[in-house]
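Taking it in order: structure first as structure tokens, then the write-up.
The values are calculated or read from the model by the stated rules, or taken from the named source; none is laboratory data. Please read these numbers as outputs of a predicted model, since none were measured by experiment. Using ideal geometry, Cβ is built from the backbone for each residue, glycine included, and neighbour counts are taken over all protein chains shown. Keep in mind that these areas ignore ligands, DNA and RNA; they rest on the heavy atoms of the full protein, side chains included. Shrake-Rupley method; radii C 1.70, N 1.55, O 1.52, S 1.80 Å.
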Amino acid sequence: MKCRALHSTAHLRQAAAASLTLCAALTLTACSSPDAKDHAATKSPKATQTQTTPATTDPKEEAKKEAIETYAAYWQEMEKLYADPTGRSADLERYAASEALRNAEVDAKSTHDRNLINTGDVAVNDQAVTKVDVSRKIPNATVSSCLDISRWQTVNAKTKEPVSLPDNRLTKYVIVSVVEKYPQGWRVTRDRPQGKSC
């Protein structure tokens, strides 16, 4: 009787142990089953992928920006051209072409031939693109600005003494320029002072 009770107790313990093992195995299987993965995937938030949409640039706005930048750089090179009696320190061809380039080179040479140079700086103010055409074979823009040459002095190349200039000359005046897009980049092609102060 005692043996049967012991046998029954041992059997119950084995059954309980087996039951626990089975439960543990089922729990692990449930956690790693494909269905459980799918269920977890549907509940988990989707990975957010940042999609960079290329910025849509308006060709006209881009042309305006580049024309104004070119015009400012053009005057920086003009300063170098007129300040150097040899005319070799400037890279004006990078920013000017056609009529504007020819006129600048001729005028600078005439200045240097008279033993004169220009020192100081030119300020280009109130730049505005008044017209732009990007549909032509050579895109172009018309730039209006107020050119301030009040700090751009004409001096003797050797003595650096200022040269006497007419008192009634305009030192701040409206200038209208045409800037065109060549294969090499934008170039100032025409530069027309308007004869009125600004």
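Just to confirm my filter: which strands (runs of 3 or more DSSP E) fall fully inside segment 128-198 and include at least 2 residues that are farther than 19 Å from L81 by Cβ and in contact with a Cys (Cβ under 7 Å, 6 or more places away or on another chain)?
Strands (runs of 3 or more DSSP E) meeting the threshold: 172-182.
List the residue pairs whose Cβ atoms are under 7 Å apart, where the first residue sits in segment 87-108 and is assigned to a loop (DSSP other than H, G, I, E, B), the second is surrounded by fewer than 14 Cβ atoms within 10 Å (Cβ to Cβ) and at pLDDT 95 or above, and the two are 6 or more positions apart or on different chains.
G87/K109; A97/Y182
For segment 137-180, how many residues meet the condition of being under 27 Å from the mean Cα position of the chain (by Cα) and loosely packed, with under 12 Cβ neighbours inside 10 Å?
Summing the residues that are under 27 Å from the mean Cα position of the chain (by Cα) and loosely packed, with under 12 Cβ neighbours inside 10 Å in segment 137-180 gives 2.
Among the candidates V122, V129, V134, single out the residue that is in contact with a helix residue (DSSP H, G or I) (Cβ under 6 Å, 6 or more places away or on another chain), open to solvent by 40 Å² or more (accessible area, probe 1.4 Å) and hydrophobic (A, V, I, L, M, F, W, C).
Residue meeting the stated conditions: V134.
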